[in-house]
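The block underneath contains the structure these notes are about, expressed in structure tokens.
Here, each number is a calculation from the coordinates, and none is a lab measurement. Keep in mind that this is a model prediction, so the values were computed, not measured. Positions of Cβ are generated from backbone atoms using ideal geometry, with glycine treated the same way; all protein chains shown enter the neighbour counts.
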Amino acid sequence: MKTLLTVAAGCLALSLPAVSGAADKDVFSGIYSTIDPHTGAEVDMLKIQKFLDDGYTVFINAGAWSGPNEGKIGEPSEQWAMPGPFPHDPKVVTLSVEGLGALYQLPQGVFSRAGKSETGYLTHMVQLGTIELKRRPLVADHQERGERGVNDYQPQATEQKVEVSALNYSGKNIQIGLSAASNKKNAVDTDPLHPYMSSVPSCCFYLPKTWNASLRVNVEYRSLPDGKLTTVPLAVPKYDSPRTLWVAVQPDGRMEISFPKSYLDDDKQRTMPAPPPAERAAIQAWQLKRYKEAVADLSQQLKKSPESVRNQFREDLIARRQMVRYTEVLNACTQARKQCEMEAQAQAKDIH
């Protein structure tokens, strides 16, 4: 049975309109996000890049981009195919990902094997479950720099590598790059971001193992979709063997650099990006609506299905109903995050 913990971790369905790609023959390259139910902020789950006519490189968020996994247009092999109660509409395009499952691209209202999606994208994967995802473009106006892209820099023995994350507190679509003032080949790009979200850490940028007060970096800021580049030189604050560097973009456009101690303590070090309260409430209300629609969709389809199928997907229906209760309790909770999570989990488990 899919537990609530599994669903809460993976089935956080995105509730915003998808960017139309009707004229785009490559319907899968991009970055895919869902919603953090606590904050309403987008969280990246998949990063997909095309490398052959029907072949794709697929990375999954495991704290950093993990992979590569091989993706190919067409149904997954029997080993990785997840069962589904619905017949495919012929308009559905399937990207099978070896070791993960499948990502479906489908017009609004069309049913895939896993259901339907208002965003146009739906996963049916072992590690993510069945969730709606929103797609946005990869770095578009230059080759991505870093470990998985262009990497012309040879680090010195006196340097250490750090991963770089962008924190977007602004209401703009942005993309951030970071380069050393002393050597522009020492550079890394973070993923393009929607407003009020953080990027998955990008590897790698190199800093001297010993900090010095003269250390400078260039933050390369692009406001999307026009891609106009602004380079902002910044002093590097004092550090002691950091593993991650944050570049924060404030609502007024100011930028600052900081070093987190641990990702486990993010919320203790600073408030992470999230939509303003009114926008957050609207996102959470729409998200709850989508969960309820998913329950109704699955219930309706199972009524038309043989008893063997209904029995097979009974636990999936319970899991969706649990997510409705979980989200209702979470949205109404005014206590601290940990207490809200515990209460939402406890009430959702009462749904059988």
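Counting other beta carbons within 10 Å of each residue's own, what order do I351, I283, I176 fall into, fewest first?
Placing the least packed residue first, the sequence is I351, I283, I176.
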Q) GNM on the chain, C-alpha springs below 10 Å: top fluctuator among W211, W65, W80? A) W211
Q: Would you mind computing, in nm to one decimal, how far apart the modelled labels at T230 and D152 are, each placed 7 Å from Cα along Cα→Cβ?
A: 2.7
Q. Once every DSSP H run of n ≥ 4 in the chain is given -39500 (n - 2.57) and the sum is divided by its residues, what mean residue ellipticity at 222 nm do you get, rounded to the nearest 500 deg cm²/dmol?
A. -6500 deg cm²/dmol
Q: Compute the distance in nm between two label points, each set 7 Å from the Cα along the Cα-to-Cβ direction, one at I73 and one at Q347.
A: 4.6
Q: Rounded to the nearest 10 degrees, what's the angle between the helix 277-303 long axis and the longest principal axis of the chain, both from Cα atoms, 0 to 90?
A: 30
Q) Could you state the number of Å between the C-alpha centres of the range 122-178 and the range 34-81? A) 13
Q: Go through the range 139-150 residue by residue and turn each phi into a ³J(HN,Hα) via Karplus (6.51, -1.76, 1.60, θ = phi - 60°); whole Hz please, and just put x for glycine and proline.
A: 3, 10, 9, 7, 5, 5, 9, x, 4, 9, x, 5
Q: Using a Gaussian network model of the chain whose springs link C-alpha atoms within less than 10 Å, name the residue from S112, S299, S199 with the highest mean-square fluctuation.
A: S299
Q: Pull out the extension gain between K303 and K238, defined as 0.36 nm times the separation in residues minus the alpha carbon to alpha carbon distance; nm, one decimal.
A: 17.1 nm
**Q.** lysines whose Cα lies under 29 Å from that of K289, excluding same-chain neighbours fewer than 8 positions away
**A.** K2, K47, K91, K116, K134, K172, K303, K304, K338, K349
Q) Relative to the longest principal Cα axis of the chain, at what angle does helix 337-348 sit, 0 to 90 degrees, rounded to 10? A) 10
Q) In nm, to one decimal, how far is the K209 label point from the S66 one, both placed 7 Å along Cα→Cβ? A) 3.0
Q: Report the extension gain between A296 and V43 in nm, rounded to one decimal, defined as 0.36 nm multiplied by the number of residues separating them, less their alpha carbon distance.
A: 88.5 nm
Q. By its C-alpha gyration tensor, with a ≥ b ≥ c as the square roots of the eigenvalues, how is the range 159-269 shaped: rounded for a/c under 1.5, else prolate for a/b larger than b/c, else oblate?
A. oblate
**Q.** Per-residue ³J(HN,Hα) for the range 210-215, Karplus 6.51 cos²θ - 1.76 cosθ + 1.60, θ = phi - 60°, Hz, x for Gly and Pro
**A.** 10, 5, 9, 5, 8, 5
**Q.** Listed residues R337, R321, R135, most fluctuating in the chain (Gaussian network, C-alpha, under 10 Å)
**A.** R337
Q. Using the alpha-carbon atoms, what tilt in degrees (0 to 90, nearest 10) does helix 314-332 show relative to the longest principal axis of the chain?
A. 50
Q: Could you compute the FRET efficiency for K172 and A281, with r as their C-beta to C-beta distance and R0 at 25 Å, rounded to 0.05?
A: 0.70
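Run the numbers for H142 and K91: contour at 0.36 nm per residue of separation, minus the present Cα-Cα distance, in nm.
Numbers: separation 51, 0.36 × 51 = 18.36 nm, distance 3.27 nm.
Full-extension gain reported as 15.1 nm.
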Q | Exposure proxy order (Cβ contacts within 10 Å, fewest to most) of T271, T123 | A | T271, T123
Q. Over the chain, what is the percentage of antiparallel beta bridges among all DSSP beta bridges, to the nearest 5?
A. 90
